[in-house]
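Participant: Have a look at this one.
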Amino acid sequence: MLDFKILRQSTASRARVGVLTTAHGEVETPALVAVATQGVVKTLTSEEVEQTGSRLLICNTYHLHIRPSEQVVKKQGGLHSFMCWKRPLMTDSGGFQVFSLGFGKEHGMGKVLTQKSSLAVEEGQQPREIKITDQGVLFRSYVDGSELFFDPKTSIRIQEALGADIMIAFDECPSPVADYAYVKSSLARTHRWAEESLAAKKSKTQSLYGVVQGGRFRDLREESAKFIGGLPFDGFAIGGEFGGKKADMKNMLQWIFAILPKEQPRHLLGIGHPEDILPIIKAGVDTFDCIVPTHYARRGIAFTSEGRMDMRKSLFLKDKKPLDAACSCFVCGIYSRSYVTHLLRAREITALKLLTFHNLHHFNSIIADLREKIKNGKI
């Protein structure tokens, strides 16, 4: 089971350094949780992921259920054995897919609005491609079109078969354009599903996080923090959308963390651009997952101490410098910007591996530095 100890609490902010201990080892927090959607951090082996400084990964319950199936994974000894990862693992619940394959896909938006939208989701409204009920959610497989029904019992059963150290309760992630009435109704559903997820859990070796929802509405966020924080979860995940402004997200985290039990770990779902990292850590986040370092790498973007660089641009073809002279990763120690740009423009897949490794190492280095600053009373 899970053990969490707070080693240092900042006196200047809510930031804290802790140690999350699982059956598969320890994770010093705050920490980035690298996204291994289908049991792999895209382009890297599990050994390479560990070399980037990553210590905790999150896999996708919905996608692994579709293929290869939790039965196949269980017969291979569970996710740790299947993907040759010896360190801690998390699995999500499928709750984010309720949004991403529903209103998110229909409206062409993510859970954080990047620009104003005239769209609205009202109470009782259903997305076209999935059906949301109080009992659960009906999906269709993107592989063969077959119907897939997820409810709390199904989600927990799949996650227990996958065998990750930390599971997440089934919930509904609402759209950023959902109105108050819709989010209030959705929140009541998520709270029922939280209780049903706890009741469905049979594993004695895996831990379960509850999910705080409530969208951009302060009263609903606080209501959810009180309800979920009052249930016997091993930790808490913060889900959903936070409006279109980063400042709003910081405020909402402060409202939530003022209510949640302080001695338990807090995970922020799906947030982690470089500019987000310091504010969310100062707000009190212990772990957070984000596809940014890997997703952007596969599109030719390198994150560096000088900012982000689009390595597809021809101006880097004659540049002999490393991606980042301040970086200690093996990519920056060996390869030039010129070479990486050549590989990208020649559509060689090795470029994606090099950029993914560098970006993960860069993010983990930023967070390691912030941990030291918290320990030294600088944050």
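Participant: Of all residues in region 28-69, count the ones that are assigned to a helix (DSSP H, G or I), within 20 Å of Phe288 (Cβ to Cβ) and among the hydrophobic types (A, V, I, L, M, F, W, C).
Facilitator: Residues in region 28-69 being assigned to a helix (DSSP H, G or I), within 20 Å of Phe288 (Cβ to Cβ) and among the hydrophobic types (A, V, I, L, M, F, W, C): 1 in total.
Participant: I've got another one for you. For region 258-311, name all the residues that are more than 30 Å from Val340 (Cα to Cα), crowded, with 18+ Cβ neighbours inside 10 Å and of a type in the set (S, T, N, Q).
Facilitator: Residue satisfying the conditions is Thr287 alone.
Participant: A further question follows. Considering (1) at pLDDT below 95; (2) touching a Ser or Thr at 6+ places or on another chain (Cβ under 6 Å), say which one Asp171 fails and leave the rest.
Facilitator: In the conditions (1) at pLDDT below 95; (2) touching a Ser or Thr at 6+ places or on another chain (Cβ under 6 Å), Asp171 misses (1) alone.
Participant: Does Asp276 fit the bill of being under 24 Å from the mean Cα position of the chain (by Cα) and in contact (Cβ under 8 Å) with a residue 60 or more places away in the chain?
Facilitator: For Asp276, the condition - under 24 Å from the mean Cα position of the chain (by Cα) and in contact (Cβ under 8 Å) with a residue 60 or more places away in the chain - is not met.
Participant: Within region 121-131, track down each residue that is open to solvent by 40 Å² or more (accessible area, probe 1.4 Å) and in contact with a Ser or Thr (Cβ under 9 Å, 6 or more places away or on another chain).
Facilitator: Glu123, Gly124
Participant: Still on this structure, please answer the following. For region 300-322, does any single residue satisfy the condition of being modelled with pLDDT of 95 or more, among the polar types (S, T, N, Q), more than 30 Å from Met90 (Cβ to Cβ) and over 24 Å from the mean Cα position of the chain (by Cα)?
Facilitator: Yes, region 300-322 contains a residue that is modelled with pLDDT of 95 or more, among the polar types (S, T, N, Q), more than 30 Å from Met90 (Cβ to Cβ) and over 24 Å from the mean Cα position of the chain (by Cα).
Participant: Which one is farthest from Leu113 (Cα to Cα), of the residues in region 185-214 that are of a type in the set (D, E, K, R) and without any contact (Cβ under 8 Å) to a residue 60 or more places away in the chain? Give the steps one after another, and end with the answer.
Facilitator: To start, the set of residues in region 185-214 that are of a type in the set (D, E, K, R) comprises 189, 192, 195-196, 201-202, 204.
Retained after the next criterion (residues that are without any contact (Cβ under 8 Å) to a residue 60 or more places away in the chain): 189, 192, 195-196, 201-202.
On the way: Arg189: 24, Arg192: 27, Glu195: 30, Glu196: 31, Lys201: 34, Lys202: 38 Å.
Going through the qualifying residues, I end up with Lys202.
Participant: Mind checking which residues of region 132-155 are open to solvent by less than 10 Å² (accessible area, probe 1.4 Å), in a helix (DSSP H, G or I) and over 18 Å from Ser185 (Cβ atoms)?
Facilitator: Ser155
Participant: Scan region 106-120 and give yes if some residue there is modelled with pLDDT of 95 or more and not in a loop (DSSP other than H, G, I, E, B), otherwise no.
Facilitator: no
Participant: Which of the residues spanning region 123-142 are closer than 14 Å to Phe96 by Cα and either small (Gly, Ala, Ser) or modelled with pLDDT under 95 (or both)?
Facilitator: Of everything in region 123-142, just one residue is closer than 14 Å to Phe96 by Cα and either small (Gly, Ala, Ser) or modelled with pLDDT under 95 (or both), namely Gly136.
Participant: Answer yes or no: is there a residue in region 229-241 that is among the acidic types (Asp, Glu) and open to solvent by 60 Å² or more (accessible area, probe 1.4 Å). Full working, then the answer.
Facilitator: Initial filter on region 229-241 (among the acidic types (Asp, Glu)): 234, 241.
Now narrow it down to the ones that are open to solvent by 60 Å² or more (accessible area, probe 1.4 Å): none.
Within region 229-241 (the criterion being among the acidic types (Asp, Glu) and open to solvent by 60 Å² or more (accessible area, probe 1.4 Å)), the answer is no, since none of the residues qualifies.
Participant: Need pairs with beta-carbon distance below 9 Å; first residue under 26 Å from Leu260 (Cα atoms) and within region 285-299, second surrounded by fewer than 24 Cβ atoms within 10 Å (Cβ to Cβ) and among the charged types (D, E, K, R); sequence gap 6+ or separate chains.
Facilitator: Cβ pairs passing all conditions: Val285/Arg14; Asp286/Arg16; Phe288/Asp276; Cys290/Asp276.
Participant: With the condition being touching a His at 6+ places or on another chain (Cβ under 7 Å) and under 17 Å from Leu56 (Cβ atoms), I'd like the helices (runs of 4 or more DSSP H) fully within region 268-379 carrying at least 1 qualifying residues.
Facilitator: Filter on region 268-379 gives 292-297.
Participant: Scanning for something within 26 Å of Glu160 (Cα to Cα), in a strand (DSSP E or B), touching a residue at least 12 places away in the same chain (Cβ under 8 Å) and among the charged types (D, E, K, R), does region 226-243 turn up at least one residue?
Facilitator: no
Participant: Just to verify a result, which residue in region 71-105, among those that are of a type in the set (Lys, Arg) and part of a loop (DSSP other than H, G, I, E, B), is nearest to Tyr209 (Cα to Cα)?
Facilitator: In this case the residue turns out to be Arg87.
Participant: Consider Phe103 carefully, then state whether it is aromatic (Phe, Trp, Tyr) and open to solvent by 40 Å² or more (accessible area, probe 1.4 Å).
Facilitator: Taking the combined requirement at face value, the residue does not satisfy it.
Participant: Can you find a residue that is open to solvent by 20 Å² or more (accessible area, probe 1.4 Å), out of contact with any helix residue (DSSP H, G or I) (no Cβ under 8 Å at 6 or more places or on another chain) and at negative phi anywhere in region 171-178?
Facilitator: no
Participant: Something else about it: Within region 44-56, track down each residue that is open to solvent by 50 Å² or more (accessible area, probe 1.4 Å) and touching a residue at least 40 places away in the same chain (Cβ under 8 Å). If you could, list the steps in order and put the result at the bottom.
Facilitator: As a first pass, look at region 44-56 and keep what is open to solvent by 50 Å² or more (accessible area, probe 1.4 Å): 45, 47, 50-51, 55.
Selection gives Gln51 alone.
Participant: Kindly establish whether Leu220 is open to solvent by less than 10 Å² (accessible area, probe 1.4 Å), part of a helix (DSSP H, G or I) and under 21 Å from Gly18 (Cα atoms). Step through it out loud before you land on a result.
Facilitator: Details: open to solvent by less than 10 Å² (accessible area, probe 1.4 Å): yes; part of a helix (DSSP H, G or I): yes; under 21 Å from Gly18 (Cα atoms): no.
Against the criterion (open to solvent by less than 10 Å² (accessible area, probe 1.4 Å), part of a helix (DSSP H, G or I) and under 21 Å from Gly18 (Cα atoms)), Leu220 does not qualify.
Participant: Sticking with this one: Can you pull out every residue in region 324-379 that is surrounded by fewer than 19 Cβ atoms within 10 Å (Cβ to Cβ) and in contact with a strand residue (DSSP E or B) (Cβ under 6 Å, 6 or more places away or on another chain)?
Facilitator: Correct list: Lys375 only.
Participant: Select, from Leu198, Leu253, the only residue that is aliphatic (A, V, I, L, M), in a helix (DSSP H, G or I), under 21 Å from Phe4 (Cα atoms) and open to solvent by 40 Å² or more (accessible area, probe 1.4 Å).
Facilitator: After applying the criteria, what remains is Leu198.
The values are calculated or read from the model by the stated rules, or taken from the named source; none is laboratory data. None of the values given here were measured: they were computed from a predicted structure. Every residue, glycine among them, receives a Cβ derived from its backbone with ideal geometry; neighbour counts consider all protein chains shown. Just the protein is used for accessible areas: all its heavy atoms, side chains included, with ligands, DNA and RNA removed. Shrake-Rupley method; radii C 1.70, N 1.55, O 1.52, S 1.80 Å.
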